[in-house]
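The values are calculated or read from the model by the stated rules, or taken from the named source; none is laboratory data. From a predicted model like this one, the values you see are computed outputs, not experimental measurements. Methodologically, a virtual Cβ is constructed for each residue, glycine included, from the backbone with ideal geometry; neighbour enumeration extends over all protein chains shown.
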Amino acid sequence: MIHLHKAKLTTNELLWNGLIFLAVFFTAIEAPFSFTYRTSIQNWQLVSDFMISSIFVIDIIYQFRERYFKRAYQTKNGNSGYWWSMIFVDMLASIPFDVITYSFDLHGYQIFALFRMLRLVRVARLYALMSNLALVPKTLRVSMLFCVSIMVIHWIACGWSLIYPTLETNITTHYIKSLYWAITTLTTIGYGDITPDTNLGRIYTMPIMILGVGIYGFVIANVTRLFTTADRHKELSKQRLGDVANYMKYYKIPERLQGQVFGYYNHLINKRFTENDSSIISDLPMALQNELQTYMNMKLIRTVPVFKNCSHSCLKDVSAALVQKSYSPGQNVIRIGEIGDEMFMIGHGTVEVIFKDGTVVASLHEGQIFGEAALLRETTRNADVRAQTYCDLYILKKADFLEIIEKHPDLLDSMEKVTSRRVTDRRRAA
């Protein structure tokens, strides 16, 4: 079932709609060929026709279930007439015409083969689905566009074969010649080695030539749009990098500061969707913004070893509790002697750990944590932690941590293992 109101399909829905498209694609290739060359029905055709019809029947049942058991409220939206007309077409498309004509030995069964082309209605609906879903994988949309192009070329080749029937015993050779003519005509190459020599052939060829120009432009435009749209935000970010470079050159910004600026922009390009993810969701209600922000944070903490084996619900609770804070180079994040009640995760940047004597004992970067011992016990900080670069840190308060481990004890076990390992490493280093 296709739901145009959805923003994204689940994996199962993508697979199911993909299976339906493959079934329709097979029919769109096989049925015109069988009709054009008057081939006898083979056993494999009977099996495939039965299987494809079964897929359509299952899909109709699924549509009924979705509408009347899960989305009954949609029947009030004024689209019932359209929905029923689509169901009627799907029911006709699910009839196994090959099986019926073969079973009853109907004369001229090739004509009935064309009735299976009703399944092409699903291609139009699937294409509308792909156009409305911004988050459908681009490889899937490109593949579908490619298959539709093959179908059109195949139909044109079959049409040419009907106008100039084969005088050869080898159907394959005749079809390849027809396909060759169709491709050279559509691509406006037209070598001229196969040309129409009757009025009917010329009348058929002229609109195909005009169609070829349109199809060529349509395919190129759509493929280009699919690839450029997919990386639009990254391309905009790269353009901004060029503007920033010109800005710093004009104002003679020191190289040290330039490196930090470019480092932060590269972080935005590689680690985030845009330079300001929050602006994308700023029009939504605050409750929805908070929910989406939680999932943005989950992308960060999944890379942190202490959370690697935690459940999805645990990660979600931790993400919701995180508070983001920024620090400038040289600014202290933690001071020796402070009472600790929070843990820090580095989203971007680098911090250094400094003992009392001024010795730098560690340099931590994005994806690492520090201060986690304060979540497990009452403690005072035994080292300074200072930002080396511009940093984005995510803070987890002890009060929030205690609430989380009541629901997810596995997080406590993981945190204790990390803390114990760090204490052991410090003792060995000493």
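Checking the conditions here, which among 73, 68, 102, 82 is outside any loop (DSSP other than H, G, I, E, B), over 32 Å from the mean Cα position of the chain (by Cα) and either over 21 Å from residue 17 (Cβ atoms) or at pLDDT below 70 (or both)?
Testing whether each residue is outside any loop (DSSP other than H, G, I, E, B), over 32 Å from the mean Cα position of the chain (by Cα) and either over 21 Å from residue 17 (Cβ atoms) or at pLDDT below 70 (or both) leaves just 102.
Quick one: is residue 347 out of contact with any Ser or Thr (no Cβ under 6 Å at 6 or more places or on another chain), surrounded by 15 or more Cβ atoms within 10 Å (Cβ to Cβ) and small (Gly, Ala, Ser)?
Answer is yes for this residue.
Out of the stretch 36-45, which residues are over 12 Å from residue 154 (Cβ atoms) and surrounded by 15 or more Cβ atoms within 10 Å (Cβ to Cβ)?
37, 41, 45
Out of the stretch 314-330, which residues are touching a residue at least 60 places away in the same chain (Cβ under 8 Å) and not in a strand (DSSP E or B)?
314, 317, 318, 321, 322, 328, 329, listed by residue number.
Answer yes if at least one residue in the stretch 280-299 is modelled with pLDDT of 75 or more, out of contact with any strand residue (DSSP E or B) (no Cβ under 6 Å at 6 or more places or on another chain) and among the hydroxyl-bearing types (Ser, Thr, Tyr), and no otherwise.
yes
Scan the stretch 130-150 and give yes if some residue there is closer than 30 Å to residue 224 by Cβ, within 34 Å of the chain's Cα centre (by Cα) and at pLDDT 90 or above, otherwise no.
Yes, some residue in the stretch 130-150 is closer than 30 Å to residue 224 by Cβ, within 34 Å of the chain's Cα centre (by Cα) and at pLDDT 90 or above.
Given the residues 429, 399, which is the only one that is loosely packed, with under 14 Cβ neighbours inside 10 Å, modelled with pLDDT of 90 or more and among the hydrophobic types (A, V, I, L, M, F, W, C)?
It is 399.
When you scan the stretch 10-36, how many residues do you find that are touching a His at 6+ places or on another chain (Cβ under 9 Å) and modelled with pLDDT of 85 or more?
Of the residues in the stretch 10-36, 4 are touching a His at 6+ places or on another chain (Cβ under 9 Å) and modelled with pLDDT of 85 or more.
Right, residue 244: at pLDDT 70 or above, more than 30 Å from residue 143 (Cβ to Cβ) and assigned to a helix (DSSP H, G or I) or not?
yes
For the subset of the stretch 355-387 comprising residues that are in contact (Cβ under 8 Å) with a residue 60 or more places away in the chain and charged (D, E, K, R), which member is nearest to residue 328 (Cα to Cα)?
Within the stretch 355-387, the match that is nearest to residue 328 (Cα to Cα) is 366.
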